[in-house]
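The structure appears below as structure tokens.
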Amino acid sequence: DQERLLVTWEDYRNGTKSTYGQILNFNHSKYGKNFPQHGQDAIFGLKDSRFLAIKIFHTYYEFDVWSYSITDFIGRLYRNERPLSEPINYFSYSTGPCGTGFIGVALNAIAFEDQYLFWAWAGSLDDVVFTADYYTYEGNKIRTFTHYSDDFPGILMTAEALDANLALIWLERIFNYGDSLPRQKLIFETFDQKDTRLDSIVLDDFGPIE
């Protein structure tokens with residue numbers, strides 16, 4: 001946050017590899033002691049010295065002629081060194097038969113005044129998984145962002161807080177016969193806290209994808 005820094009690492013102090021964190025003041029002095037931390041695959045700063053630590057788990061299943069895997073993003077909410085929640089499965093996706101996976105994954109946690117939004121997007125050549133859920137700062141799920149069901153504008157590039165509203169930026173790839181490279185357009189959308197779309201701006205023919 002605006003007052004302190006978080007440093008994370010892994011060591012073998014108890015005989016197995018575990019993740020630890022240390023809070024630092026901006027003058028690099030220690031704030032408290034180092035502490036066991038749930039994971040460090042992704043860390044998102046929230047409000048008032050809170051942060052969300054994500055650990056990614058991969059589970060593989062193999063059969064005679066095909067295989068698949070499940071990826072889970074398990075997170076735990078902290079305030080400084082103190083856990084505020086038990087580990088929560090924020091997002092999951094699975095590969096298809098023969099291990100065909102997703103070509104892109106993006107995720108973030110967005111801080112609002114009295115809640116935070118965790119969103120994640122995973123896309124493959126023929127499938128898209130998108131989730132966005134609001135949580136209290138104690139880690140309790142409030143509700144799911146419900147504007148999209150299974151119809152997505154394209155690749156979710158980012159989602160950010162815009163004052164009290166939610167801003168989404170999508171990238172849509174456009175394939176036309178005879179083009180050496182696909183074209184793309186950007187879609188900028190804003191939503192209020194009731195998931196009502198407030199605005200939608202489209203930048204057509206944004207340029208070729210190199």
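The values are calculated or read from the model by the stated rules, or taken from the named source; none is laboratory data. Remember, predicted model here, so these are calculated numbers, not experimental data. A quick note on method: Cβ atoms are made from the backbone with ideal geometry, for glycine too, and the neighbour counts reach across all protein chains shown. Heads up: the accessible areas ignore ligands, DNA and RNA and are worked out on the full protein's heavy atoms, side chains in. Shrake-Rupley method; radii C 1.70, N 1.55, O 1.52, S 1.80 Å.
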>> Filter region 63-80 down to the residues that are of a type outside the set (S, T, N, Q) and either within 14 Å of the chain's Cα centre (by Cα) or under 20 Å from ALA120 (Cβ atoms) (or both) and list them by number.
In response: TYR68, ILE70, ASP72, PHE73, ILE74, GLY75, ARG76, LEU77, TYR78
> Out of all the residues in region 8-22, is one or more surrounded by 18 or more Cβ atoms within 10 Å (Cβ to Cβ), closer than 30 Å to PHE145 by Cα and not aromatic (Phe, Trp, Tyr)?
Replying inline: no
> Restricting to region 1-27, what's the tally of residues that are free of Cβ contacts under 8 Å to residues at least 12 places away in the same chain and not polar (S, T, N, Q)?
Replying inline: 5
> Looking at region 41-62, which of the residues that are among the hydroxyl-bearing types (Ser, Thr, Tyr) and at negative phi is nearest to the chain's Cα centre (by Cα)?
Replying inline: THR59
> Across region 162-173, which residue is nearest to ASP195 (Cα to Cα) among those that are open to solvent by 40 Å² or more (accessible area, probe 1.4 Å) and assigned to a strand (DSSP E or B)?
Replying inline: ASN165
